[in-house]
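The structure appears below as structure tokens.
Here, each number is a calculation from the coordinates, and none is a lab measurement. Not measured: the values here are computed from a predicted model. Note that we place each Cβ from the backbone using ideal geometry, even for glycine, and neighbour counts take in every protein chain shown.
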Amino acid sequence: MTAQGITVLGATGSIGQSTLDVVRRHPRRYRVVALTAHRQVERLVADCLEFQPLLAVVGDAATADIVRQRLVDAGSSTEVAWGESALVQAATLGDAAMVMAAIVGAAGLAPTLAAAQAGKRVLLANKEVLVMAGELFMHAVQQSGAQLLPVDSEHNAIFQALPTDFSRGLTVCGVERILLTASGGPFRQTPLSALAAVTAEQACAHPNWVMGRKISVDSATMMNKGLEVIEAHWLFAAPPSMIQVVVHPQSVIHSAVQYSDGSVLAQLGNPDMRTPIAYAMAWPERIQAGVAPLDLFSIGRLDFEAPDFGRFRCLQLAYDVLDAGGTAPAILNAANEVAVAAFLDGELPFLGISSLNEAVLSALPATAEGSLADVLAADAQARQLAMAMIRDCAFA
Ligand code: NAD
Ligand code: MG
């Protein structure tokens, strides 16, 4: 078997590292072509020395100089580049048939879209890409014949529970509903009055998953589930009314599909991202992911409850922007990225995240999604407004 080339965008993050762990377990099957990171020099250098990619990309020239010198000193021939166009270059290198899209946030849009346009197998973790530019991205996938495999655990579970020809249309396939499970995050049972004072450390302490800080905060506000509703809408051509969020605190059922004959097909597993990553990498085959088998006896019980849209307003905002369409989801995504960064920096209280998102959405009218430039313009405008509102305390 010739090893398949894989490029990992966002290699130093939580998903990137889990991906490299799966690659490490299958050295004859996969070979790393390019790795990208923002500023984490140590991690990137170690990974380059281990996996010997052709190209490593970082965020700025100074970081590139440091990484290049370290690699030269260690006798590595990996080329080092920096900036947005180098990210696109990494995403489209001919040697890689597969691209793991695991950059966090809007920064991943251009390279992930480029990978889709280049006809790669795109392993999509970076859900913000579909939230910002779902129509553009799905169109690019169709035009180029790229394969799109969802890595987000819920969407990977749904993909596993749907028939392989689901693109004929969910209703045609007898699908009645997508049951998108949510752990409920660290504040599932925290009363609204106590949410006002929660800290970044509390918000990042997810009960079941270890993840990057942005998605951890998104899980705490349930914005993450909202972004996932939008992600499911685009991935599976599912109208919002067909997507039901089900709070399931144990995170054992990763999501399910309800059919017209009364069947519900679910995918279960321990909460470890290496399972959906390995599934997306090897599909339609299955490979070892290093994940412990699920022990139903030790789990004992599975619980379910309805989400509380009153305490978790970000979840409702996601359904609202899907209704509004056009650039509304991109505006919400941009406001939320600014809000989460401000919360993590101690500049915004936890409940300020949903208030700011709502204020930016009501101030900016959505337009048609249009081109990548239109989406990026809406993103930039929403970021500016969100930052100005934080500065002026002009929301509540
Ligand atoms: P993370 O913060 O751990 O890692 C992010 C990666 O992106 C890092 O390699 C970082 O260097 C890179 N990066 C950050 N800013 C960048 C920029 N401006 N330009 C280029 N690169 C940049 O995040 P994560 O938890 O691995 O999440 C990555 C993506 O996967 C997110 O979109 C998240 O929603 C999604 N996701 C994550 C999980 C999880 O379990 N961690 C699960 C499902 C989906
Ligand atoms: Mg998820």
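When region 205-249 is filtered for residues that are among the aromatic types (Phe, Trp, Tyr), away from ligand 1 (no atom under 11 Å from the Cβ) and outside any helix (DSSP H, G or I), only PHE236 remains. Could you please tell me which pairs satisfy a Cβ distance under 6 Å, a separation of 6+ or placement on different chains, a first residue in region 151-164 that is within 20 Å of THR19 (Cβ to Cβ) and hydroxyl-bearing (Ser, Thr, Tyr), and a second residue that is within 14 Å of ligand 1 (Cβ to nearest atom) and outside any loop (DSSP other than H, G, I, E, B)? Hits for this filter: SER153/HIS254; SER153/PRO276.
Every residue, every condition in (1) in a loop (DSSP other than H, G, I, E, B); (2) surrounded by 17 or more Cβ atoms within 10 Å (Cβ to Cβ); (3) β-branched (Val, Ile, Thr), yes or no:
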residue	(1), (2), (3)
ALA335	no, yes, no
LEU348	yes, yes, no
SER362	no, no, no
ALA366	yes, yes, no
ASP374	no, yes, no
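The single condition among (1) within 16 Å of ligand 1 (Cβ to nearest atom); (2) assigned to a loop (DSSP other than H, G, I, E, B) that GLY108 does not meet is (2). Against the conditions (1) in contact (Cβ under 8 Å) with a residue 24 or more places away in the chain; (2) of a type in the set (S, T, N, Q); (3) within 15 Å of ligand 2 (Cβ to nearest atom), GLN258 satisfies every one except (3).
Could you tell me whether any residue of region 28-46 is free of Cβ contacts under 8 Å to residues at least 24 places away in the same chain, hydrophobic (A, V, I, L, M, F, W, C) and either within 12 Å of ligand 1 (Cβ to nearest atom) or surrounded by fewer than 24 Cβ atoms within 10 Å (Cβ to Cβ) (or both)? Walk me through it before giving the result.
Of region 28-46, the ones free of Cβ contacts under 8 Å to residues at least 24 places away in the same chain are 42, 46.
Next, from what is left, pick out any that are hydrophobic (A, V, I, L, M, F, W, C): 46.
This time we only want the ones that are either within 12 Å of ligand 1 (Cβ to nearest atom) or surrounded by fewer than 24 Cβ atoms within 10 Å (Cβ to Cβ) (or both), so: 46.
Yes.
Only one residue in ALA146, ALA194, ALA203 is more than 16 Å from ligand 2 (Cβ to nearest atom) and surrounded by 24 or more Cβ atoms within 10 Å (Cβ to Cβ). Which one? Outline the logic, then answer.
Values: ALA146 fails: surrounded by 24 or more Cβ atoms within 10 Å (Cβ to Cβ); ALA194 fails: surrounded by 24 or more Cβ atoms within 10 Å (Cβ to Cβ).
After applying the criteria, what remains is ALA203.
Give the number of residues within region 89-113 that are surrounded by fewer than 20 Cβ atoms within 10 Å (Cβ to Cβ) and hydrophobic (A, V, I, L, M, F, W, C). Talk me through it step by step, then tell me what you get.
Here is the first cut: in region 89-113, the ones surrounded by fewer than 20 Cβ atoms within 10 Å (Cβ to Cβ) are 89, 92-95, 97, 107, 110.
Pick out the ones that are also hydrophobic (A, V, I, L, M, F, W, C) and you get 93, 97, 107, 110.
Total satisfying the criteria: 4.
Taking ASP95 as the residue in question, decide whether it is more than 30 Å from MET242 (Cα to Cα), out of contact with any Asp or Glu (no Cβ under 6 Å at 6 or more places or on another chain), among the charged types (D, E, K, R) and away from ligand 1 (no atom under 16 Å from the Cβ). It is true that ASP95 is more than 30 Å from MET242 (Cα to Cα), out of contact with any Asp or Glu (no Cβ under 6 Å at 6 or more places or on another chain), among the charged types (D, E, K, R) and away from ligand 1 (no atom under 16 Å from the Cβ).
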